[in-house]
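Participant: Here it is, the structure in full.
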Amino acid sequence: MFEPVIGIEVHAQLKTESKLFCSCSARFGASPNSNTCPVCLGLPGTLPVLNKKAFEYGIRTALAFNCKVAEISGFDRKNYFYPDLPKNYQITQQASPVGVNGYLDVVIDDETRRIRIKRVHLEEDAGKSIHEGGDITGAVFSLEDYNRAGVPLLEIVSEPDIRSPKEAYEYLSMLRRTLLYLGVSDCKMEEGSLRCDVNISVRPKGSDSFGTLVELKNLNSFRAVERSLEYEVKRQSELASENKEIIRETRHWDEEGQTTVGMRRKGLAEDYRFFPDPDLPRLIIGESWIEKVRSDLPELPGERKARFIRDYELPEYDASLLTDTQQLADYFEEAAKEYGHAKTVSNWIMGELLRLMNVTGIGIESVKIRPCDLVAMLKMIDKGTISGKIAKTVFEEMFTQGKSPGDIVKEKGLVQIADEDELTKIVDLVIQDNQKVVEQVKAGKDRAIGFLVGQVMKETKGRANPQMVNELLRQRLAGEN
């Protein structure tokens with residue numbers, strides 16, 4: 001029996017206006033090679049100047065992941081030759097990362113697992129290769145767009161503490177959620193602002209040794225990470241069980257074929273000939289700067305989830321879902337504070353609101369229903385102005401039109417019928433038209449009364465007060481005996 005040993009390197013593009021060492025725009029989507037200058041193209045005679053905001057984002061992230069922030073930090077050159085690297089070296093933080101020895105807690109099957117984070121460091125991005133006539137392994141030729149060259153990246157490197165593909169997925173989900181709460185990256189994988197490389201080996205279960213490391217690339221979603229790891233665990237375990245060699249290499253995830261494909265032998269750190277960048281001086285961070293950044297940290301998703309469970313008495317599932325994004329958590333909390341019954345608010349958000357968001361493909365920031373309007377609708381249910389069934393119709397109108405619940409109820413005549421005389425007439429008609437069911441109720445089949453309630457609701461188009469209908473039916477049927 002073999003177990004996987006997994007470590008993940010995440011590259012998050014920082015949400016700055018300009019690149020890491022020059023004033024070129026870092027925005028996505030510009031025409032190829034339009035956001036470039038002599039500095040990010042590595043032309044002779046140019047000197048890099050560090051983006052202070054990007055470095056501060058690095059400190060912010062290191063603190064959020066419980067890292068020790070370095071007192072002195074610096075940059076190194078990582079030397080390698082590839083078409084997307086115009087300088088033929090990458091400026092990174094090999095020797096003195098901004099943060100080390102952190103961790104991130106994730107919940108797997110109701111068990112909290114602590115994944116250690118080895119390092120958090122800044123580096124510049126490379127350009128983008130566009131492969132024509134196939135993927136990287138079979139392209140006829142490649143084109144280079146250097147707009148991304150020099151864009152600030154934060155690399156977050158885990159220790160090899162992850163033990164399953166599912167755990168890898170949950171780790172990445174919590175990491176992304178934390179970066180979004182911090183506001184340091186937009187984490188859009190479809191735009192390349194969040195990318196990850198995965199290192200995996202297998203070993204006999206219970207062993208402390210490490211197997212041969214394989215790196216996985218071209219992972220464009222967290223599901224792709226999970227599926228590629230499932231494939232590699234199976235592939236490597238079969239090779240190991242047959243005493244066949246597992247090659248230390250980089251493999252490409254083929255989404256269409258759902259397999260990994262060998263690309264190249266994986267190099268060692270010494271192959272990159274790291275040395276301190278002579279154009280960038282060492283940076284003294286200082287305790288005052290660190291504390292200033294620490295004081296500005298927001299409440300992070302794990303902390304907020306724990307508070308929702310404690311203060312609002314929500315189940316863990318509710319709290320986890322509601323803290324998925326900062327905006328959704330803010331929406332819930334604003335409504336819960338005004339209404340006072342947190343679980344009811346949670347039910348409507350997780351049920352109707354998220355359902356309609358999924359159908360329409362919009363995010364919480366685009367939802368037209370304000371938290372105060374949700375509360376107003378819930379209060380109308382409490383007062384008996386509308387029924388729970390009618391409320392779902394009102395809610396959909398609110399979602400589509402952005403109108404208040406009061407205006408919708410008034411315009412569509414949806415006020416719940418609670419007039420006893422009016423309901424009694426309808427109840428008597430339903431009893432008269434459904435004598436067979438009436439006889440079943442009188443014979444002791446109490447559940448049959450639900451059919452009669454349904455008929456009254458049908459006659460009133462859902463506007464009758466169901467509790468009053470139930471009571472009137474029982475009274476009228478008891479009077480017939």
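The values are calculated or read from the model by the stated rules, or taken from the named source; none is laboratory data. Predicted model only: the values in this text are computed from it and were never measured. Cβ placement follows ideal geometry from the backbone for every residue including glycine, while neighbour counts extend to all protein chains displayed.
Results for (1) under 30 Å from Ile72 (Cα atoms); (2) surrounded by 15 or more Cβ atoms within 10 Å (Cβ to Cβ), shown as yes or no for each residue.
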residue: Glu249; (1), (2): no, yes
residue: Val261; (1), (2): no, no
residue: Arg265; (1), (2): no, no
residue: Leu283; (1), (2): yes, yes
residue: Asp296; (1), (2): yes, no
residue: Glu303; (1), (2): yes, no
residue: Ser320; (1), (2): no, yes
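Participant: Collect the residues in segment 84-134 that are in contact (Cβ under 8 Å) with a residue 60 or more places away in the chain, surrounded by fewer than 15 Cβ atoms within 10 Å (Cβ to Cβ) and either closer than 22 Å to Ser193 by Cα or touching a strand residue (DSSP E or B) at 6+ places or on another chain (Cβ under 6 Å) (or both), keeping them in residue-number order.
Facilitator: The answer is Ala95, Asp105.
Participant: Another one. Inspect segment 437-456 for any residue being within 21 Å of Gly388 (Cβ to Cβ), out of contact with any His (no Cβ under 8 Å at 6 or more places or on another chain) and touching a residue at least 60 places away in the same chain (Cβ under 8 Å) and give the result as yes or no.
Facilitator: no
Participant: Just to be sure before I move on: is Ser201 hydroxyl-bearing (Ser, Thr, Tyr) and over 30 Å from Leu321 (Cβ atoms) in the structure I sent?
Facilitator: yes
Participant: Related question: Let me confirm something: among Glu313, Glu256, Glu287, which residue is under 30 Å from Lys166 (Cβ atoms) and at pLDDT below 95?
Facilitator: Being under 30 Å from Lys166 (Cβ atoms) and at pLDDT below 95 holds for just one of Glu313, Glu256, Glu287, which is Glu256.
Participant: Give the residue that is surrounded by the most Cβ atoms within 10 Å (Cβ to Cβ), with candidates limited to residues of segment 206-247 that are among the aliphatic types (A, V, I, L, M) and under 29 Å from Arg176 (Cβ atoms).
Facilitator: Leu229
Participant: Name the helices (runs of 4 or more DSSP H) wholly within segment 362-441 that hold at least 2 residues that are over 23 Å from Gln475 (Cα atoms), touching a strand residue (DSSP E or B) at 6+ places or on another chain (Cβ under 7 Å) and assigned by TED's automatic domain parsing to the domain that holds Met468?
Facilitator: Here the list is empty.
Participant: Using the structure shown, decide if Gly444 is over 27 Å from Lys392 (Cα atoms), of a type outside the set (Asp, Glu) and outside any helix (DSSP H, G or I).
Facilitator: Yes.
Participant: Output the residues belonging to segment 29-69 that are free of Cβ contacts under 8 Å to residues at least 60 places away in the same chain and crowded, with 22+ Cβ neighbours inside 10 Å.
Facilitator: Ala62, Cys67
Participant: Quick check: is even one residue across segment 87-99 closer than 21 Å to Ser173 by Cβ, of a type in the set (Lys, Arg) and assigned by TED's automatic domain parsing to the domain that holds Thr36?
Facilitator: no
Participant: Let me ask something else about it. Is segment 52-65 home to any residue that is assigned to a loop (DSSP other than H, G, I, E, B), within 30 Å of Ser201 (Cα to Cα) and at pLDDT 95 or above?
Facilitator: The answer is yes, given that some residue of segment 52-65 is assigned to a loop (DSSP other than H, G, I, E, B), within 30 Å of Ser201 (Cα to Cα) and at pLDDT 95 or above.
Participant: Here is a check on your reading of the model: is Ala26 among the hydrophobic types (A, V, I, L, M, F, W, C), over 30 Å from Leu229 (Cα atoms) and in contact with a Pro (Cβ under 9 Å, 6 or more places away or on another chain)?
Facilitator: Considered against the rule, which asks whether it is among the hydrophobic types (A, V, I, L, M, F, W, C), over 30 Å from Leu229 (Cα atoms) and in contact with a Pro (Cβ under 9 Å, 6 or more places away or on another chain), Ala26 comes out as yes.
Participant: Let me ask you something else. Looking only at segment 10-33, how many residues end up being modelled with pLDDT under 95 and basic (Lys, Arg)?
Facilitator: 1
Participant: Let me ask something else. Please go through segment 209-243 and pick out each residue that is part of a loop (DSSP other than H, G, I, E, B), of a type outside the set (D, E, K, R) and out of contact with any strand residue (DSSP E or B) (no Cβ under 7 Å at 6 or more places or on another chain).
Facilitator: Asn220, Ser221, Asn243 - these are the residues of segment 209-243 that are part of a loop (DSSP other than H, G, I, E, B), of a type outside the set (D, E, K, R) and out of contact with any strand residue (DSSP E or B) (no Cβ under 7 Å at 6 or more places or on another chain).
Participant: Can you tell me how many residues in segment 188-205 are assigned to a helix (DSSP H, G or I) and surrounded by 15 or more Cβ atoms within 10 Å (Cβ to Cβ)?
Facilitator: The qualifying residues number 1.
Participant: Given the conditions (1) over 19 Å from Cys196 (Cβ atoms); (2) touching a strand residue (DSSP E or B) at 6+ places or on another chain (Cβ under 7 Å), and given that Asp254 satisfies all but one, which numbered condition is not satisfied?
Facilitator: The failed condition is (1).
Participant: Would you point out which residue out of Leu219, Leu268 is in contact with a helix residue (DSSP H, G or I) (Cβ under 6 Å, 6 or more places away or on another chain), at pLDDT below 95, within 23 Å of Tyr82 (Cβ to Cβ) and of a type in the set (A, V, I, L, M, F, W, C)?
Facilitator: Leu219
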